[in-house]
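Down below is the structure, laid out as structure tokens.
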Amino acid sequence: MNKLLGSKKAFFIFLLPGIVLFTLILFIPVIRVIYYSLCDYDVVNGYSYVGGNNFSDLMKDDVFWISVKNSVFFMIISAVTQQIVGLAIAAVLMNMKRGKNFFKNVYYLPSVLSSAALGLLWQFIFSDAFGINTLLKKIGIEGPKWLADTSSWIVTPMWVIAFVALWQYVGQTMMLYLAQMTSIPKDIYEAASIDGATKTQTFCRVTLPLLKPMFITTLSFNCLGSLKFFDLIYTMTGGGPNEKTNVLAVMLYNQSFKYSKFAYGSAVAVVLLGISLVVALILNVGIKVDNYEM
């Protein structure tokens, strides 16, 4: 086995399937999208090279800047709320004596359900004619237009969608933190208790430092996942009203498949890819994480 693992030929053979899949599924499509973003498209002539015209048009497109604003907002609010709420739930469950598995399943269940189906459900709940507003009317309160109010800089529907996304995906963050907490040796907590540390001090000075590696992992999942978020937003608002809830992923879909502007949609995809790479670089290089041996 040592001889086999030391062979460069064997090493290449083991890597070959992964290299082939990476090239066919990821690398080649990305290169093609970048090329298409530099072209113009029509049904008769197909793609024709036009240089950076699509990107210059994007810079003048108000919908594009609304999409960038909403995508950045959604990334920040999702990352912050998912981290805080997910960590808080994990800490509570970690100290529960009974019912831990039941509540773990309750919080995790929404993340494995279809986002499209959940989007339709929450659209019904927040509609003007049904759901929450109907209950509020019965007690004499006029409910807000949850999915139609566009008066503020960050429109109300984006806050509603952020809440629904938190409800759906906080279970994933909770499970990751819970797994990391479970792996911390009990000896460390016993030593902290002998030294006279309270539960709050133990959590802040023992648990949190040991959770730093998982923090960067969950933060990366939250940020990159929210940047490409599509199905929940599309089913709840479709990017409306008046394109005010568009994010880059919804704009990409609309331009490519709704308006058949495949080259323009490819330019949006390249911008989304660029933003994702910058965010990933900042998270992995800009945030220093200390590794502790346990």
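For CYS39, the residues whose amide H sits under 5 Å from its own are VAL50, ignoring neighbours fewer than 5 places away on the same chain, with H placed 1.01 Å from N. Charge tally around ASP149: other residues with Cβ under 13 Å, Lys/Arg +1 each, Asp/Glu -1 each, net 0. Kindly provide log₁₀ I(q)/I(0) values, in the same order as q = 0.12, 0.16, 0.24 Å⁻¹, from the Debye equation applied to equal alpha-carbon scatterers of region 94-186. Listed by q, the Debye log ratios stand at -0.55, -0.80, -1.17. Only lysines eight or more places from LYS138 in sequence, or on another chain, were considered; none has a Cα closer than 21 Å. Of SER78, SER67, SER48, which is the most mobile in a GNM of the chain whose springs link Cα atoms less than 10 angstrom apart? Maximum among the listed residues: SER48. Given the pairs LYS100/LYS145; LYS212/LYS244; LYS100/LYS199; LYS137/LYS258; LYS104/LYS258, which are separated by over 30 angstrom at their Cα positions? Where the Cα-Cα span goes over 30 Å, the pairs concerned are LYS100/LYS145; LYS212/LYS244; LYS137/LYS258; LYS104/LYS258. Farthest toward the dipole's positive end in region 38-286, which of PHE73, ASN53, THR207, given Cβ charges of +1 (Lys, Arg) and -1 (Asp, Glu) about the Cα centre? Checking the options against the dipole of region 38-286, the answer is THR207.
For the chain, the equivalent ellipsoid built from the Cα gyration tensor has semi-axes of 38, 33, 16 Å, listed from largest to smallest.
The dipole here belongs to the chain: it is taken about the Cα centre, uses +1 on the Cβ of Lys and Arg and -1 on the Cβ of Asp and Glu, and is about 800 debye. Near TYR36, once Lys and Arg are set to +1 and Asp and Glu to -1 for all other residues with Cβ below 15 Å from its Cβ, the sum equals -1.
For THR237, neighbours were defined as the other residues whose beta-carbon sits under 13 Å from its Cβ, and their charges (Lys and Arg +1, Asp and Glu -1) total -1. Label separation (ILE132 vs ILE188): 3.9 nm, computed from points 7 Å beyond Cα along the C-beta direction.
All of the numbers you see were taken from the coordinates with simple rules; none came from a lab. Note that the coordinates shown come from a computational prediction; the quantities given were computed from them, not determined experimentally. No Cβ is skipped: glycine too gets one built from the backbone with ideal geometry, and neighbour counts run over all protein chains shown.
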